[in-house]
1. Does THR28 satisfy the condition of being within 14 Å of ALA206 (Cα to Cα), touching a residue at least 12 places away in the same chain (Cβ under 8 Å), assigned to a helix (DSSP H, G or I) and out of contact with any Cys (no Cβ under 6 Å at 6 or more places or on another chain)?
2. So which of VAL47, VAL43 is buried (at least 23 other Cβ atoms within 10 Å of the Cβ) and either free of Cβ contacts under 8 Å to residues at least 12 places away in the same chain or in contact with an Asp or Glu (Cβ under 9 Å, 6 or more places away or on another chain) (or both)?
3. If the Cβ limit is 8 Å and pairs must be 6+ apart or interchain, which residue in the stretch 176-195 that is over 16 Å from TYR89 (Cβ atoms) pairs with which residue that is small (Gly, Ala, Ser)?
4. Consider the stretch 115-144. How many of its residues are within 25 Å of the chain's Cα centre (by Cα), surrounded by 13 or more Cβ atoms within 10 Å (Cβ to Cβ) and not hydroxyl-bearing (Ser, Thr, Tyr)?
5. Out of ALA79, ALA53, ALA67, report the one residue that is over 18 Å from the mean Cα position of the chain (by Cα), more than 15 Å from ALA206 (Cα to Cα) and assigned to a helix (DSSP H, G or I).
6. Just checking, does the stretch 1-16 include any residue being closer than 30 Å to ILE114 by Cα and among the hydroxyl-bearing types (Ser, Thr, Tyr)?
7. Looking only at helices (runs of 4 or more DSSP H) that lie completely in the stretch 166-282, which have at least 2 residues being at pLDDT 80 or above and of a type outside the set (A, V, I, L, M)?
8. Looking only at the stretch 82-94, which residues are free of Cβ contacts under 8 Å to residues at least 60 places away in the same chain, part of a helix (DSSP H, G or I) and closer than 11 Å to PHE36 by Cβ?
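The values are calculated or read from the model by the stated rules, or taken from the named source; none is laboratory data. Just so it is clear, the structure is predicted and the values come from calculations on it, not from any experiment. Cβ placement follows ideal geometry from the backbone for every residue including glycine, while neighbour counts extend to all protein chains displayed.
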Amino acid sequence: MFLALLAVQTLNGLQLGILLFLISAGLTLTFGVMNFVNLAHGVQYMVGAYLAAMFASFTGGFWSALALTLPTALAFGLALEILVFRWLYDRDHLSQILATFGVILFLNQGVKTIWGAAPLSVPMPLALSGSIPLMPGLLFPVYRLALIVVGLATALALYLLINHSRVGMLVRAGSTNAAMVSALGVNIRQLFMLVFGFGAMLAGFAGALVAPILSVEPGMGDNLLILAFVVIVIGGIGSIRGAFLAALMVGLIDTLGRAFGPQMLRLALAPAAASQTGRALAPMLIYILMAAVLFARPSGLFPVKR
């Protein structure tokens, strides 16, 4: 029984880690390359989920909705960059935080106005709607396994793009010395715009992927945004490899801590006290980890090489 529960919770932790990676990858690029603090990254995840729900209601299928969501999320991110964010690049971080917090409030109210406050749902694709046996008596949803596979494939594609392509070379150079890259003839503003739009598309992609298994509702990206910032602090700002590994760490620690924390504390405490203490400590584990990493390695576990 313990092994079955451990296997299920480990897969759930990997799924959460993959979701956090898709969100934090765009956020760490935006922060690392552009030195821009974007608190509104979580609402781009929310907008992606709402777009998937809207397109699914129009087309009647998940795959067609996903195909339409990706370019729309990209266009939405580029529109935000042109209309709002590019005017904040030269401002201090406090101004960026206040402005992007205002974008959060505006978009949360915007989705309520357009789609209402009631949660929406997206139909599960039929090909991925079943479950497969992991061991005797243990079934796991195929769609959740597919999320893990898609996330791993996306991580590999991002690694190849960032480390083995000309665009990735420019992004890495821009994160190191944007002024020098601009002096060499690269349109750094256009590079920033593309990075921002790509990050918004990744966040929208994550929202579309989780729409069939989670309720699509206003504010759904706020808590994940906090976890995404924890991921990039632990992994190292601007590091895709760090975001990937840190996201898996955070997903596993958070999920396993919530599942097994009270049981572990029962070895030293009474059952009632262990249950109460475990429920209180489990949400704090990732923040304790972040504090320990900041104390030992302020630049993160896997910082970008300068």
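1. Working: within 14 Å of ALA206 (Cα to Cα): no; touching a residue at least 12 places away in the same chain (Cβ under 8 Å): yes; assigned to a helix (DSSP H, G or I): yes; out of contact with any Cys (no Cβ under 6 Å at 6 or more places or on another chain): yes.
Criteria not met by THR28.
2. Working: VAL47 fails: either free of Cβ contacts under 8 Å to residues at least 12 places away in the same chain or in contact with an Asp or Glu (Cβ under 9 Å, 6 or more places away or on another chain) (or both).
Selected residue: VAL43, the only one of VAL47, VAL43 that is buried (at least 23 other Cβ atoms within 10 Å of the Cβ) and either free of Cβ contacts under 8 Å to residues at least 12 places away in the same chain or in contact with an Asp or Glu (Cβ under 9 Å, 6 or more places away or on another chain) (or both).
3. These pairs meet every condition: MET180/ALA173.
4. Looking only at that region, the number is 12.
5. Being over 18 Å from the mean Cα position of the chain (by Cα), more than 15 Å from ALA206 (Cα to Cα) and assigned to a helix (DSSP H, G or I) holds for just one of ALA79, ALA53, ALA67, which is ALA79.
6. no
7. Numbers: elements: 166-176, 178-183, 188-210, 222-235, 240-265, 271-281.
Per the criteria, 188-210, 222-235, 240-265.
8. Quick first cut of the stretch 82-94, residues free of Cβ contacts under 8 Å to residues at least 60 places away in the same chain only: 83-84, 87-88, 90-94.
Checking which are part of a helix (DSSP H, G or I) leaves us with 83, 87, 93-94.
Correct list: HIS93 only.
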